[in-house]
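Data block below; observations after.
The values are calculated or read from the model by the stated rules, or taken from the named source; none is laboratory data. On a predicted model such as this, the values are computed, not experimentally measured, just so you know. Every residue, glycine as well, gets a Cβ built from its backbone with ideal geometry; the counts of neighbours run over all protein chains shown. Ligands, DNA and RNA are stripped out before the accessible areas are found, and what is left, the full protein with its side chains, is counted by its heavy atoms. Shrake-Rupley method; radii C 1.70, N 1.55, O 1.52, S 1.80 Å.
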Amino acid sequence: YSDIKDKKPGSKYIELVISLIIFLTVITLPETFKLMPIIGRILLVSFFVSLGGIYIYLFQPKIFKSEAKLLITGLILVVSFVIIKLLFWLDISIYLVPAAIIGILLSILLNPYLALFISSLAGILAGVMNNNAWNYTFFLLLTNWIGIFSVFHLKRRISLPLAGLILGLGNSVIILIYNLINNNYSSFKTGQEMGWGLLGGLLAISLAGILLIVFENIFNLTTDIRLIELSDLNHPLLKNLALAAPGTYHHSIVVGNLA
């Protein structure tokens, strides 16, 4: 981050874009070497990264002007795709893969509008990474959107399990609808997949909660959750201040409320 911050504006954006294109291209490569699919992935990743950059430049100028926020966006994609790729290698149910962490983290750390756009592009890429499984792309798009909606009014970390339950139930409904539409309904198989979807939602929220703390501390971000926690009058430091210096405590509370 310090290296990027010290560079000229043009070069730092170019380095971030090139690094993201290289990473996403490498992680979405097919297991067998075939030239045409590789070229196609390079073009698709380059197009999506460019599209994301144009969106941020036109509609999210505050984020575009902030090196830290641009870096956070890139790191969320990198970390999320690494987790998704590792779980794909484990050959578990695709519905257990916590792809919704992209939308959840972007929504909490930056804003939900950016999260909706970037997570949609990332969902398509993840579908390509999973052997061009477009049915999974459909699931990824919707699970990210549900994840964003579930944390939209999130103010306390203690509410994360509820958001995870909402996301998990939403995943299960998506899976049920998809199986019904494709005339692929089987009480046992569909029920099993819905169970994986429920667990996937809970896993996504759990990982997002851990990564949220990491990003908050590394970049010193003041999210809504962190502000609410800092305003808790039961904090030991505030209690000590009220006992040791009541005048300063009262003045601080008044200034804080004005702010």
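Brief remarks on what is shown
- Unique residue being open to solvent by less than 60 Å² (accessible area, probe 1.4 Å), under 26 Å from Phe64 (Cβ atoms), of a type in the set (A, V, I, L, M) and modelled with pLDDT of 80 or more when the list is Leu43, Leu16: Leu16
- The residue pairs whose first member lies in segment 147-162 and is over 24 Å from Gly123 (Cβ atoms), whose second member is among the acidic types (Asp, Glu) and open to solvent by less than 100 Å² (accessible area, probe 1.4 Å), and whose beta carbons are closer than 7 Å, counting only pairs six or more residues apart or on different chains, are Lys155/Asp224.
- One residue stands out among those in segment 129-164 that are touching a Ser or Thr at 6+ places or on another chain (Cβ under 8 Å) and not in a helix (DSSP H, G or I): the one that is least open to solvent (accessible area, probe 1.4 Å), which is Val151.
- Scope segment 182-230; condition modelled with pLDDT under 85, open to solvent by 60 Å² or more (accessible area, probe 1.4 Å) and aliphatic (A, V, I, L, M); matching residues: Leu227, Leu230
- Among residues of segment 93-110 that are in contact (Cβ under 8 Å) with a residue 24 or more places away in the chain, those with a Cβ under 6 angstrom from a residue that is open to solvent by 10 Å² or more (accessible area, probe 1.4 Å) and acidic (Asp, Glu), sequence gap 6+ or separate chain, pair up as Tyr95/Glu193.
- The test for being open to solvent by less than 70 Å² (accessible area, probe 1.4 Å) and over 30 Å from Asn217 (Cβ atoms) holds for Thr25.
- Filter result (of a type in the set (Val, Ile, Thr) and in contact with a Ser or Thr (Cβ under 6 Å, 6 or more places away or on another chain)) within segment 31-48: Ile42, Val45
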